[in-house]
Amino acid sequence: MLRIDNLKAYYPLAQRLFAPKRFVRAVDGVSLRLGERETLGLVGESGCGKTTLGRAILGLAPVTEGSIHFQGQDLSGRNGNALHQLRRKIQMIFQDPYSSLDPLMTIEQILGEPLDIHRLYSSREERLEKIHSLMESVGLDSSQARRYPHEFSGGQRQRVGIARALALSPRLIICDEPVSALDVSIQAQIINLLVDIQQREKISYLFISHDLALVQHTCHRVAVMYLGRIVEEGLVEEVRSQPLHPYTQALWNAVPTLEKERLSEALPLAGEVPSPLNPPPGCHFHPRCPHATEECRRSYPSRREISATHSVACHLHTSSK
C-alpha cells in the first residue's frame, strides 16, 4: 500500500551572508514498506524524525529527496486537486487531543468539516446521519454532537479525533503517538478501539510511538528510528526476541517489566541524542554505542537482510558473513 524510498526531509536554517547553508536533517534517507491491513510501528526517542516522516507522507512537511508511493501513485510533487483527492485516503490522528480540535467548533462542525470539503452528502439529513454514525462508531453518544471539545474528557476528545480521521473512509491512518497525552487508564480503551476499527474497516496504520511495550501489543512489524534513519526493521516478535542493533537492545531493556530477565548484551546508553543539525560522522549512533569501532566512526553501515523479514544497519552485523 505504501512505499517510501530514500526519503529525506531537510529544514534550511537562517544563515548569515556568504555563510554556508545549514540544514536540520529531520529525515535522512528512510525506506519503508507498509502492506494492506498492516500496522507498522515507528519507534525512537523524541526528535528522531518520526513525526516529520508522518507529516511528509501527508504532504504537510517538505520532501527534499526521495519518493513516496501510495497504492501505486507517486505522491512526490503532487499539489492542488491531485493532492486533495489523495488525502481522502490518508488521514492522521494527532498526538494531543487538547490542541488538535478547534475549541470554537462543536463536535458536529468538526466532524462535518471534512464531509463539507469533499462534498460527501446530498442533504442536511444525510450529513447529520453521517456525523452521528461516526460518533457512535468510536463509542460517543451522538446526542452530544452540539457540545464543544472542552466539555469532553481527554479520552473522549481523542475519540473525536479518531472519528474525524475516519470521516473520509481512508485506507491509511497515521497515528502520531495517539495515546501518549492520555491517562494510562484510558490508553487501553483507545488502543482497543483502534484495533477494532482496523478489523472492521480493513485499513492500515503507521503507528508512531516511543513506547516499545505499546508497539509490541499493537503492531505487526516495527521500524526503529535513530536520528533520521532506520537502524532496524522486522516483525515485532522477531525484533523483540532477537534485537540486533545496540540501540534497539537498549530500548527493549528500558521497557518496564515484572520479569527479571534482561538482555545481557544490552548496556545502558550514555550521553544524549546528537543534534540533527550536526549529526556525527559515520554511524550516527557510535558516540553512545558501547560496541563502537573505528569503522563505525568512519562510515555509515548499509542495511543488511538478516532474514526475509528482518534487517539491520549496524557494522557488527553488516561486516559479518
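Structure above, values below:
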read-out: The range 47-58 residues that are on the phi > 0 side of the Ramachandran plot and polar (S, T, N, Q), paired with ones that are modelled with pLDDT of 95 or more and in a helix (DSSP H, G or I) (beta carbon under 9 Å, 6 or more apart); value: none
read-out: Residues that are free of Cβ contacts under 8 Å to residues at least 40 places away in the same chain, among the small types (Gly, Ala, Ser) and either more than 22 Å from ALA270 (Cβ to Cβ) or in contact with a Gly (Cβ under 7 Å, 6 or more places away or on another chain) (or both), drawn from the range 291-307; value: SER299, SER302
read-out: Unmet requirement for GLN109, which otherwise passes all of (1) under 29 Å from PRO149 (Cα atoms); (2) of a type outside the set (Lys, Arg); (3) in contact with a Gly (Cβ under 7 Å, 6 or more places away or on another chain); value: (3)
read-out: The range 96-133, residues that are among the charged types (D, E, K, R) and in a loop (DSSP other than H, G, I, E, B); value: ASP96, ASP102, ARG119
read-out: Every residue from the range 178-199 that is touching a helix residue (DSSP H, G or I) at 6+ places or on another chain (Cβ under 8 Å) and among the charged types (D, E, K, R); value: ASP183
read-out: Filter result (at pLDDT 65 or above, of a type in the set (Gly, Ala, Ser) and over 12 Å from ALA213 (Cβ atoms)) within the range 250-274; value: ALA250, ALA270, GLY271
read-out: Residues being within 23 Å of the chain's Cα centre (by Cα) and among the polar types (S, T, N, Q) - total across the range 303-317; value: 2
read-out: Some residue of the range 57-75 being of a type in the set (S, T, N, Q) and within 28 Å of ASP211 (Cβ to Cβ); value: no
read-out: One residue from HIS150, HIS132, HIS217 being in contact with a Ser or Thr (Cβ under 7 Å, 6 or more places away or on another chain) and not hydroxyl-bearing (Ser, Thr, Tyr); value: HIS132
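The values are calculated or read from the model by the stated rules, or taken from the named source; none is laboratory data. All figures in this text were calculated on a predicted structure; none of them were measured in a lab. Don't worry about glycine lacking a Cβ; one is built from the backbone with ideal geometry, like all the others, and counts go over all protein chains shown.
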